[in-house]
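Input: a single structure, listed below in structure tokens.
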Amino acid sequence: MKNSKELRDEMSKMFYETKAGTMKPQTANTLANIGGRMIQSASTQVQYYKQRNEIPSIPFLDEK
């Protein structure tokens, strides 16, 4: 995944796969945990730049 949009799309896909029974809940839980950590990491970067009154350039948050 190159950006947050791709992460959201993948997590949405996981939701439907779990709901349909084609993905084990344990696998979905593990992947969701990893996705959450990726989002938290980007959030930490944004907060750091905000405290320094800087405008961040974080490619993961670009939805191009």
### Task
Output the residue which, of all residues in the stretch 12-64 that are in contact with a Ser or Thr (Cβ under 7 Å, 6 or more places away or on another chain) and farther than 21 Å from Lys2 by Cβ, is surrounded by the fewest Cβ atoms within 10 Å (Cβ to Cβ).
Pro25
### Test: Leu7 is of a type in the set (A, V, I, L, M), within 21 Å of Asp62 (Cβ to Cβ) and assigned to a helix (DSSP H, G or I)
yes
### Summary
Those residues of the stretch 22-64 that are within 19 Å of Met11 (Cβ to Cβ), free of Cβ contacts under 8 Å to residues at least 12 places away in the same chain and not in a helix (DSSP H, G or I) come to a total of 3
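Every number in this text was worked out from the coordinates using simple rules, so none of it is lab data. Since this is a predicted model, take the numbers as computed values, not measurements. Note: ideal-geometry Cβ built from the backbone for every residue, glycine included; neighbour counts use all protein chains shown.
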